[in-house]
1. Assuming Lys80 fulfils every condition listed in (1) open to solvent by 10 Å² or more (accessible area, probe 1.4 Å); (2) in contact with a strand residue (DSSP E or B) (Cβ under 6 Å, 6 or more places away or on another chain); (3) within 13 Å of the ligand (Cβ to nearest atom) apart from one, which condition is it?
2. List every residue pair whose Cβ atoms sit under 8 Å apart, with the two residues 6 or more apart in sequence or on different chains, where the first one lies in region 206-217 and is under 11 Å from Cys332 (Cα atoms) and in a strand (DSSP E or B) and the second, anywhere, is more than 7 Å from the ligand (Cβ to nearest atom) and open to solvent by less than 10 Å² (accessible area, probe 1.4 Å).
3. Looking at region 133-142, can you tell me whether even one residue there is out of contact with any Lys or Arg (no Cβ under 8 Å at 6 or more places or on another chain), charged (D, E, K, R) and either within 16 Å of the ligand (Cβ to nearest atom) or modelled with pLDDT under 95 (or both)?
4. Does region 149-158 contain at least one residue that is away from the ligand (no atom under 16 Å from the Cβ) and closer than 23 Å to Asp50 by Cα?
5. Exactly one of (1) without any contact (Cβ under 8 Å) to a residue 24 or more places away in the chain; (2) more than 25 Å from the chain's Cα centre (by Cα) is unmet by Ser411. Its number?
6. Residues in region 432-487 that are out of contact with any strand residue (DSSP E or B) (no Cβ under 6 Å at 6 or more places or on another chain), assigned to a loop (DSSP other than H, G, I, E, B), at pLDDT below 95 and within 15 Å of the ligand (Cβ to nearest atom): how many?
Amino acid sequence: MSGLIELSATQLAADIRSGETTSVQATQEYLNAITKLDGKLGAYNEIYTDAALDRAKQIDAKIAAGENPGPLAGVPIAIKDNLCTTYGHTTCASRYLENFQAPYTATAVKKLHDAGAVILGKCNMDEFAMGSSTENSGFAPTRNPWDIGRVPGGSSGGSAAAVASRMCAAALGSDTGGSIRQPASFCGCVGFKPTYGRVSRYGLVAFGSSLDQIGPLGRTVTDAALLTGVISGYDPHDATSLPNDVPDYLADIETPIKGLRIGLPKEFFLENEGAIAPDTRAAITAAIETYKSLGAEIVDVSLPHSRIDIDADGKMSSFAVSCYYIVCTAECSSNLARFDGVHYGHRTGENVDGILELYSKSRKESLGEEVKRRIMLGTYALSSGYYDAYYNKALKVRRLIADDFVEAFKSCDILLAPTTPTTAFKLGEKTDNPLEMYLSDIYTISANLAGLPGITLPAGLSSDNLPIGLQLIGPVLSESTLLRAARMFEKTAPPIIPPMVKNSDT
Ligand code: GLN
């Protein structure tokens, strides 16, 4: 493990800017780490070796000429493969888009470029961001750097594995129901889903448009704040983009949180002990104590419609998960209708009898099982005769879930919860049971349904040496408060490094 890849993105940018080191050196170190580790992890779908080094040279030249390269001066960053770029491919880890080259670059990626970042490559994911393990990738699963027999989470599993294993300084992911926070938690990094609309979705391949949000994964809270500041802001290309000014998220990140009111949703803590693994519960309980010692005021709150029910056989269910899987599949069935084998992407090579057969063969051949399942579920939920019973009802439940948060935030500033019910599970453990897979999102999904910002950060390791994530959720546009609260906790917790990285001599 050598120097530059261990630095935070913030520190690396400062060192490159001051001439302490160069972007070329840092980029080369990250590329070496990728060469060394990515064969084992499969975090990247595509690596831009030459382009990244060229870009690094440009940044170094700018600095040598006395120009300001921007806040991410020469820092090597990876992006999830559902963010469009005019260079390379944008595959969404789908065979359907395997050779697709986007005609434009996503606003969030363009903002990274403008801030001086070096884009290292595109990260693996669950196909079209549908999944919680990255096993739904149309190419190959990504593995967890803490234990390569385990999943990195998903759908931004490639981004999380790359950040945790020091194969990039930070990464972008997308979060529709937990896809930044859950993999960040499984891999021991910081993952931040900003308020819905805070970051433009222009150029993010749509899955559930009313839920999707781009955000950063990093190794420190400050890095997450730095990236969030860079990628946020109004964008006329996204009709749901928020017009509000972007605050300086770094400005008060070091300000103590004495007096901050942190709410504990009783449905997540007091009831249904079975919905949290014992190690996770212990870590979260310890985190609450830490917050008390930092001067936070802990208050009990209730999110009745986000509660988790467990039946006599130990089977879990949750309104939020049920509601989410109607809303997101409905939106997915509509959004994915564009992949028809006509305009772009995979077209069947077989002879077809008419346009309908062209559609169905092209889709059948190139879309994975989970994507097909969701298109069918969503089409059903939207179909005449079932629309009211499913889709409309889900929208009503969504409103109740969102209203619970409004009520809860009357007595607290932010909420504290686990990020996931368990630590990373084994590859193949949940692939035969989609419902069980869906339940890995019981603690993250409500924030998406309500459009709220949520952050996960490491809260220690389980007895089998796997990262545990702590989640903080805040009201709309409370990014600064969340980042500050996360930073204050991070300062008390020792950093965690995957053994495969610690023992490597990269
Ligand atoms: N795991 C959830 C799903 O499968 C969330 C995915 C996401 O946030 N993109 O839909």
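The values are calculated or read from the model by the stated rules, or taken from the named source; none is laboratory data. Treat the numbers as computed from the prediction; the structure is a model and nothing was measured. So basically every Cβ, Gly included, is an ideal-geometry build from the backbone, and we count neighbours across all protein chains shown. Quick note on the areas: whole protein, heavy atoms, side chains included, nothing else; ligands and nucleic acids left out. Shrake-Rupley method; radii C 1.70, N 1.55, O 1.52, S 1.80 Å.
1. That leaves (1) as the condition not met.
2. none
3. Taking every residue of region 133-142 in turn, at least one turns out to be out of contact with any Lys or Arg (no Cβ under 8 Å at 6 or more places or on another chain), charged (D, E, K, R) and either within 16 Å of the ligand (Cβ to nearest atom) or modelled with pLDDT under 95 (or both).
4. So far as region 149-158 goes, no, none of its residues is away from the ligand (no atom under 16 Å from the Cβ) and closer than 23 Å to Asp50 by Cα.
5. (1) is the only condition that Ser411 fails.
6. 1
Conditions (1) under 29 Å from Gly295 (Cβ atoms); (2) buried (at least 24 other Cβ atoms within 10 Å of the Cβ), marked per residue:
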site	(1), (2)
Asp432	no, no
Thr444	yes, yes
Asn448	no, yes
Gly451	no, no
Gly469	yes, yes
Pro475	yes, no
Leu483	yes, yes
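Yes/no per residue for (1) buried (at least 21 other Cβ atoms within 10 Å of the Cβ); (2) touching a strand residue (DSSP E or B) at 6+ places or on another chain (Cβ under 7 Å); (3) more than 26 Å from Ala493 (Cβ to Cβ):
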{"position": "Thr290", "(1), (2), (3)": "no, no, no"}
{"position": "Ser293", "(1), (2), (3)": "no, no, no"}
{"position": "Glu297", "(1), (2), (3)": "no, yes, no"}
{"position": "Ser318", "(1), (2), (3)": "yes, yes, yes"}
{"position": "Asn335", "(1), (2), (3)": "no, no, yes"}
{"position": "Phe339", "(1), (2), (3)": "yes, no, yes"}
